[in-house]
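See below for the structure under consideration.
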Amino acid sequence: MNLLSKCVGYLASIVTLIIISTNLLQAQNTITGKVLENSNKNAIEYATVALYNQENEKLITGVVTQTEGIFNINKLKKGTYKLTVAFMGFETFVKENIQIDGQPLNLGTIYLKEDNQMLQEIEIKGEQLTAVTKVDRQVYDATKFEAAAGGTATDVLKNMPSVSINAEGDLSVRGTSGFVVLLNGKPIQTNAATILNQLPANSIKNVEVITAPSAKYDSEGKAGIINIITTKGATDNLFAQVNVRVGLPSVEPYDNAKMPLRYGGDFTIAQQKNKLNWAIGGSYQRNDKTGRREGDVWTQIDDYPKFRFPSDGERSYVEENYSANLSLGYDATKNTSLHFAAMGGIRDKTRLADIYYNDNRFEGDPTPFQYYNHNSRNRQSDFFVSSFDFDHRFNNGSKIKASVLYEYTLLGGPTFNDNQRDNFSTPENQNFFYLRERNTNENPLNGFRANLDYSFKPSKLGQFEVGYQFRTLDHKGDFLYERENLTDGKPTGNWEVVDNYSSNLNLKRNIHSAYGQLAGEKGDWTYGVGVRTEYMDRQVDFLGYENGQLQPENQREIKKYDYFKLFPSANLQYKVNDGFALKTAYSKRVERTTTFKMNPFKEKEHSETLEQGDADLLPEFIDLVELGATQEIGDHSIFATAYFRNTENLINRTNTFDSDSVLNRIYTNVGNSKVFGFELGTSLKLTKWWDFYAGGNVYHQHIKGQFNYNDTDNDWLISIPVDTKAWQYSFNINTTFDITKTLSTNFSFNYLSERVTAQGRDSRFYSPNLSIKKTFLDKRLAVNFQWLNMDMGMLNTNEQRITTSGDYNALLTNGTSQRQQFYTTTNYVYEVDQLIINITYNFNSSKNKSKKVKSEFGAQEF
């Protein structure tokens, strides 16, 4: 019996046992109920339910509502009680003279009325916790990470305990970049970085990390799902916020050609009144960074001398992001709502790598060849996403939801690669070129998704959900690589197509999926079990170039792949007492392949680097098992999770020898990966003026398999075994000190340990950040001074070295073999001690002293 069968059988047995023994476990002295919004009958999650002794007003216990607004209070003594239900933005519900006499009591549905004075003053005793644990996810308060203010969603996410960031700004969850981003519960098909780098941090309310998603979610993402919840308008009040961000001049120049510019701003206007709610927002960000790139490469064939290729020079980025969003909601009836949302943006990012190749020679060669390489790579991403949703709740409590989403993204941008004389002492040398090349590409992406979901409660077993989803993706790509003809080192304006690096590539993918999911609560147990069936068909077709022209259409090569698979899931939680719970989960996932990684044609990135994909690339299939515990004590919370992740058809970037001084990076399946890890996070209210949050992840990864590559350009076949293993870890710390009521300081620290790859390792990477926040005008105006990537010349902040090596035999077409060896190491040194001023103004924070909403025992229950 394989791992999947064992896990599903084990969890199914537990759920069955729970259901059979429910009547024995129920303690009889219980109070249950459901909390809904009065206006639209939507369930309210995280509402505070407090129970008091009616005689002396003493607080007995408190809980928060779960999914569908349900709450349970167990193990009560006989007596008379008073119950209150409160949630931010709603009037508090009070029910007195509740008699507990040995029988379970169901209060039915409790409707909370909206409080029209919500934004005029909300007084909270205690502070909202940074992290709240649910049965299937961790929920984080995005406003707690002050170092991210004025930035983007990426700046917020890097503080999550499971999330780490590297020198290039790439996010990973539990050591893998394979995660899916949802925006307010809706998936996006474009690259996650496109959205994350254009969504203002100030617009984010909460971040949900779902590491073991249930069957009702799309099966994409080996690391799970990150759901970003944006802020919404308040009842009857016009909410308006403006944020301005200004960066001070760089402390260190790094000998870059231009000083970086950092500035931007964003705004949000929103309102919910009567049956209509709406919100609009916009953002502009200019976020450049300077830095250096220090590298060394050597290659060797058989016993010939090594060919060395050291380099040093500029590595900087110029980045501009524009985005706008619109949201419209309408409650047609008390049970029916309609919602339309749209978001669009432009991202323009240019990476400049002006490198001096100081020594390009065989060892012992007395006449080394030196040159200067100007390498500018521009990446553009224009995107538009729109969705329409219909929700209806029937009188019997069942619900139906229908949703459609359309997405268009235009990817592209040129790369310029010029080799010229490195001695610029004379005008003649400044304009003498050895090589001039350019690579242009345009990649339009069209995506469409349609969902139909129905939920109902057929019995006491819980809520049953069924649904169908259709997704289609059409991604086209034209890649044209040209080389200029030179005369005595001078440009002529005559460009010729380089056939080996030019291509036309199209990816089409259709996915049909259906699911069934059962979720419920029985006493102290919360459970969910489901299965998703998925059929995917994929077609990749491509054409090369010949004699500078695209080959005839009848020579187009077509690669087809499809699968039909089951993706089961299960989760189970047991509430040991009011603050302590145990949980376990299983989820099967898939990581589908991207177009970029399937392009079989080589693409020239640097003087010493090519990149290439694999048209036969298989998707990764993942089995994940989790076992965890959560503890909440007053204003403190802690969670711990052990997990095991098995990945089949693991995709890695591998290097091979291409020529004397050039390596070829290839994305391909390298085998299987087994990861065992442990996650720990805590949110503490140490004093009334000191908050502390920390999260960490430590895991052991073992990659084992084999990499095969047939290089038709060089007429050799390569087979390289892969067997790497190592312990790796990351951790994030965030702490806030309230110096006065209007002055606070926040410190955060993000650390990523050394990591192994299929052929090498990436060094550690870390970043300390400090912010000081001062509020004015009754907290309507906030000024936040940020010191990012603190270094002070004493640390190695914002710096990472990437190293790979290979030693293998290549089988030549003539039947002989050739030993090929290479070693490459690159140290990326990026800007430190960045100083930013962030100013936020809320136009509607005036207070009304006549009415307050108070929380009884801390907003951790919200």
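Scanning segment 680-691 for residues that are part of a strand (DSSP E or B) and either at pLDDT 90 or above or surrounded by fewer than 18 Cβ atoms within 10 Å (Cβ to Cβ) (or both), which turns out farthest from the chain's Cα centre (by Cα)?
Thr687
So which residues in segment 203-223 are part of a loop (DSSP other than H, G, I, E, B) and at pLDDT 75 or above?
Thr211, Ala212, Pro213, Ser214, Ala215, Lys216, Tyr217, Asp218, Ser219, Gly221
Taking the conditions exactly as written (assigned to a strand (DSSP E or B) and buried (at least 18 other Cβ atoms within 10 Å of the Cβ)), does Ser376 satisfy them or not? Give the steps one after another, and end with the answer.
Details: assigned to a strand (DSSP E or B): yes; buried (at least 18 other Cβ atoms within 10 Å of the Cβ): no.
No; evaluated as a whole, the condition is false for this residue.
Given (1) in a strand (DSSP E or B); (2) touching a helix residue (DSSP H, G or I) at 6+ places or on another chain (Cβ under 7 Å), identify the lone condition not met by Asp713.
For Asp713, the failing item is (1).
Taking strands (runs of 3 or more DSSP E) that do not extend beyond segment 254-337, which have at least 1 residues that are in contact (Cβ under 8 Å) with a residue 40 or more places away in the chain and surrounded by fewer than 20 Cβ atoms within 10 Å (Cβ to Cβ)?
Those strands (runs of 3 or more DSSP E) span 276-287, 291-301, 311-314, 316-331.
Can you run down the residue pairs with Cβ atoms below 6 Å, 6 or more apart or on separate chains, where the first is in segment 505-527 and under 30 Å from Lys560 (Cα atoms) and the partner is buried (at least 18 other Cβ atoms within 10 Å of the Cβ) and among the hydroxyl-bearing types (Ser, Thr, Tyr)?
Sorted first by the residue in segment 505-527, then by its partner, the pairs are Leu507/Thr595.
How many residues does segment 731-758 hold that are assigned to a loop (DSSP other than H, G, I, E, B) and basic (Lys, Arg)?
So the answer is 1.
Can you tell me which residue is nearest to the chain's Cα centre (by Cα) among those in segment 428-466 that are among the small types (Gly, Ala, Ser) and at negative phi?
Across segment 428-466, the extreme among qualifying residues is Gly447.
When segment 509-555 is examined, which residues are found to be among the charged types (D, E, K, R), exposed (fewer than 15 other Cβ atoms within 10 Å of the Cβ) and at pLDDT 95 or above? Break it down into steps so the answer makes sense when it comes.
First, the residues of segment 509-555 that are among the charged types (D, E, K, R): 509, 521-522, 524, 532, 534, 537-538, 541, 546, 553.
Those left that are additionally exposed (fewer than 15 other Cβ atoms within 10 Å of the Cβ): 537, 546, 553.
Hit for segment 509-555 is Asp537, nothing else.
For the condition acidic (Asp, Glu) and within 26 Å of the chain's Cα centre (by Cα), what is the one hit in Glu608, Glu591, Glu553?
Unique residue meeting the criteria: Glu591.
List every residue pair whose Cβ atoms lie under 9 Å apart, where the two residues are 6 or more positions apart in sequence or sit on different chains, the first residue falls within segment 205-216 and is touching a residue at least 40 places away in the same chain (Cβ under 8 Å) and within 20 Å of Ala640 (Cβ to Cβ), and the second residue, located anywhere, is of a type in the set (A, V, I, L, M) and in a loop (DSSP other than H, G, I, E, B).
Listed by first residue and then by second, the contacts come to Val207/Met160; Val209/Met160; Thr211/Ala223.
From Asn510, Asn500, which residue is of a type in the set (S, T, N, Q) and not in a strand (DSSP E or B)? Can you show your working first?
Numbers: Asn510 fails: not in a strand (DSSP E or B).
Of Asn510, Asn500, the one residue that is of a type in the set (S, T, N, Q) and not in a strand (DSSP E or B) is Asn500.
Among Gln612, Gln631, which is the only one that is without any contact (Cβ under 8 Å) to a residue 60 or more places away in the chain and over 27 Å from Gln701 (Cβ atoms)?
Gln631
Name the strands (runs of 3 or more DSSP E) wholly within segment 1-91 that hold at least 3 residues that are out of contact with any Cys (no Cβ under 8 Å at 6 or more places or on another chain), outside the structural domain of Gly520 (by TED's automatic domain parsing) and at pLDDT 85 or above? Give the derivation first.
On the way: elements: 31-37, 48-53, 59-64, 70-73, 79-86.
So the answer is 31-37, 48-53, 70-73, 79-86.
Restricting to segment 655-677, name every residue that is in contact with a Phe, Trp or Tyr (Cβ under 7 Å, 6 or more places away or on another chain) and closer than 24 Å to Leu624 by Cα.
Within segment 655-677, Thr668, Val670, Val675, Phe676, Gly677 qualify.
Right, Phe424: assigned by TED's automatic domain parsing to the domain that holds Arg308, surrounded by fewer than 17 Cβ atoms within 10 Å (Cβ to Cβ), at pLDDT below 90 and in contact with a helix residue (DSSP H, G or I) (Cβ under 6 Å, 6 or more places away or on another chain) or not?
Yes; evaluated as a whole, the condition is true for this residue.
Is it the case, given these coordinates, that Trp298 is assigned by TED's automatic domain parsing to the domain that holds Ile837, among the aromatic types (Phe, Trp, Tyr), modelled with pLDDT of 85 or more and under 30 Å from Asp331 (Cβ atoms)?
Details: assigned by TED's automatic domain parsing to the domain that holds Ile837: yes; among the aromatic types (Phe, Trp, Tyr): yes; modelled with pLDDT of 85 or more: yes; under 30 Å from Asp331 (Cβ atoms): no.
For Trp298, the condition - assigned by TED's automatic domain parsing to the domain that holds Ile837, among the aromatic types (Phe, Trp, Tyr), modelled with pLDDT of 85 or more and under 30 Å from Asp331 (Cβ atoms) - is not met.
Out of Ser403, Ser398, report the one residue that is at pLDDT 90 or above and over 21 Å from the mean Cα position of the chain (by Cα).
Selected residue: Ser403, the only one of Ser403, Ser398 that is at pLDDT 90 or above and over 21 Å from the mean Cα position of the chain (by Cα).
The values are calculated or read from the model by the stated rules, or taken from the named source; none is laboratory data. Remember, it's a predicted structure, so these values are computed and weren't measured experimentally. So basically every Cβ, Gly included, is an ideal-geometry build from the backbone, and we count neighbours across all protein chains shown.
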